[in-house]
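For reference, the structure is listed below as structure tokens.
The values are calculated or read from the model by the stated rules, or taken from the named source; none is laboratory data. All figures in this text were calculated on a predicted structure; none of them were measured in a lab. In this analysis, Cβ positions are derived from the backbone assuming ideal geometry, glycine residues included, and neighbour counts consider all displayed protein chains.
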Ligand SMILES: Nc1ncnc2c1ncn2[C@@H]1O[C@H](COP(=O)(O)OP(=O)(O)OP(=O)(O)O)[C@@H](O)[C@H]1O
Ligand SMILES: [Mg+2]
């Protein structure tokens, strides 16, 4: 199968997720009512973690599909495969989720081809059906089925955006980097680094994010702050950890890098 698919069973203990607002309530209400949800936000701000957390909390199985521009509808729905001389139908992750009443999470959905989004339409309105042309089946979504998609509006270009007819089938939740006190809590929990040193890293992240749109295409993600904190917690010198985790990943431009290192000095002295 082309698609990168992973499947997790709802675990008793949900992965750690610190909420920033009422997103858990909205997701739960959507799940109860079988409404699809679209998560928008920059890279590394917690979208995937949120879905993993909610699926576990709701005791739902989760099928995750990383979308890319080669992903065909058959990668989601299924295809006939040769098995021991016989041709057998094998469900794709979307079909499995529809049959089992699970959550199907399409990551970076704008990357998917148009024929994929067309497949989603009857599933994301009140029909809640998945027509499988190849087998002639028309599946009704089982209770508990929910479609979740995410994308990063920052990468969006004129060609890669969701059509209004697709976009307006989803409830939408906007994600962003959390306020400093919450982000510090997240990074402490994820890395095990002490509060004070974590708070300094988060302060630096705030300064780096302020450069988005000028020198930097994207601000530093919470994911990268977690990386830096993890390295420091394990004994790496602060300067080296910051360079490897919070400067180098942001740019290849030497002048810009020097400017960013000046910010590090401003925060850490
Ligand atoms: N609110 C949060 N609660 C717990 N962990 C968080 C939170 N926000 C971010 N993180 C941390 O940041 C990391 C990156 O988050 P995640 O992988 O969910 O980002 P994403 O929004 O899915 O990014 P991408 O768009 O690149 O896929 C997580 O592994 C986790 O360590
Ligand atoms: Mg993700």
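So, of the residues in region 69-89 that are assigned to a loop (DSSP other than H, G, I, E, B) and in contact (Cβ under 8 Å) with a residue 60 or more places away in the chain, which turns out to be farthest from residue 27 (Cα to Cα)? Don't jump to the end; show me each part of the working.
Just the residues of region 69-89 that are assigned to a loop (DSSP other than H, G, I, E, B), to begin with: 69-72, 84-85.
Restricting the remaining residues to those that are in contact (Cβ under 8 Å) with a residue 60 or more places away in the chain gives 70-72.
Working: 70: 29, 71: 26, 72: 27 Å.
Per the criteria, the residue is 70.
Condition check: on the phi < 0 side of the Ramachandran plot, touching a strand residue (DSSP E or B) at 6+ places or on another chain (Cβ under 7 Å) and in a strand (DSSP E or B). Does residue 96 satisfy that?
In short, no.
Considering each residue of region 67-87, count those that are surrounded by fewer than 20 Cβ atoms within 10 Å (Cβ to Cβ) and in contact with a strand residue (DSSP E or B) (Cβ under 6 Å, 6 or more places away or on another chain), and give that number.
Summing the residues that are surrounded by fewer than 20 Cβ atoms within 10 Å (Cβ to Cβ) and in contact with a strand residue (DSSP E or B) (Cβ under 6 Å, 6 or more places away or on another chain) in region 67-87 gives 3.
Which pairs do you get when a residue that is in contact (Cβ under 8 Å) with a residue 60 or more places away in the chain and closer than 13 Å to residue 148 by Cα, found in region 43-56, comes within reach of a residue that is more than 9 Å from ligand 2 (Cβ to nearest atom) and in a loop (DSSP other than H, G, I, E, B), reach meaning Cβ atoms under 6 angstrom, with the pair 6+ apart or on two chains?
Every condition considered, the pairs that remain are 47/41; 47/175; 50/17.
Listed here are the residues, each with its yes/no results for (1) more than 16 Å from ligand 1 (Cβ to nearest atom); (2) assigned to a strand (DSSP E or B).
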| residue | (1), (2) |
| --- | --- |
| 106 | no, yes |
| 118 | yes, no |
| 127 | yes, no |
| 144 | yes, no |
| 162 | no, no |
| 165 | yes, no |
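The conditions are (1) away from ligand 1 (no atom under 16 Å from the Cβ); (2) over 25 Å from residue 41 (Cβ atoms); (3) in contact (Cβ under 8 Å) with a residue 12 or more places away in the chain, and residue 233 fails exactly one of them. Which is it?
(1)
Can you tell me which condition residue 213 does not meet? The list is (1) within 26 Å of the chain's Cα centre (by Cα); (2) more than 30 Å from residue 21 (Cβ to Cβ); (3) loosely packed, with under 14 Cβ neighbours inside 10 Å, and all the others hold.
(2)
Every residue in region 10-36 that is within 26 Å of residue 122 (Cα to Cα) and more than 14 Å from ligand 1 (Cβ to nearest atom), please. Spell out how you get there, then give the answer.
Our first condition is that a residue be within 26 Å of residue 122 (Cα to Cα); within region 10-36, this holds for 23-36.
Those that are within 26 Å of residue 122 (Cα to Cα) and more than 14 Å from ligand 1 (Cβ to nearest atom): 25, 26, 28, 29, 30, 31, 32, 33, 34, 35, 36.
From the residues in region 1-25 that are touching a strand residue (DSSP E or B) at 6+ places or on another chain (Cβ under 6 Å) and surrounded by 15 or more Cβ atoms within 10 Å (Cβ to Cβ), which one is modelled with the lowest pLDDT?
My answer is 3.
Scan region 15-49 for residues that are within 10 Å of residue 171 (Cβ to Cβ) and assigned to a helix (DSSP H, G or I) and jot them down.
Once the filter is applied, which keeps residues that are within 10 Å of residue 171 (Cβ to Cβ) and assigned to a helix (DSSP H, G or I), region 15-49 yields 26, 27, 29, 30, 33.
In region 51-63, is there at least one residue being more than 30 Å from residue 224 (Cβ to Cβ), out of contact with any helix residue (DSSP H, G or I) (no Cβ under 7 Å at 6 or more places or on another chain) and outside any helix (DSSP H, G or I)?
So far as region 51-63 goes, yes, one or more of its residues are more than 30 Å from residue 224 (Cβ to Cβ), out of contact with any helix residue (DSSP H, G or I) (no Cβ under 7 Å at 6 or more places or on another chain) and outside any helix (DSSP H, G or I).
Select, from 113, 127, the only residue that is surrounded by fewer than 20 Cβ atoms within 10 Å (Cβ to Cβ), touching a residue at least 40 places away in the same chain (Cβ under 8 Å) and not assigned by TED's automatic domain parsing to the domain that holds residue 209.
Residue meeting the stated conditions: 113.
For region 162-193, how many residues are buried (at least 18 other Cβ atoms within 10 Å of the Cβ) and in contact with a strand residue (DSSP E or B) (Cβ under 7 Å, 6 or more places away or on another chain)?
Within region 162-193, residues that are buried (at least 18 other Cβ atoms within 10 Å of the Cβ) and in contact with a strand residue (DSSP E or B) (Cβ under 7 Å, 6 or more places away or on another chain) number 3.
Kindly provide the set of residues from region 179-222 that are within 16 Å of ligand 2 (Cβ to nearest atom) and either assigned to a helix (DSSP H, G or I) or under 28 Å from residue 146 (Cα atoms) (or both), ordered by number.
Passing the criteria: 186, 190, 221, 222.
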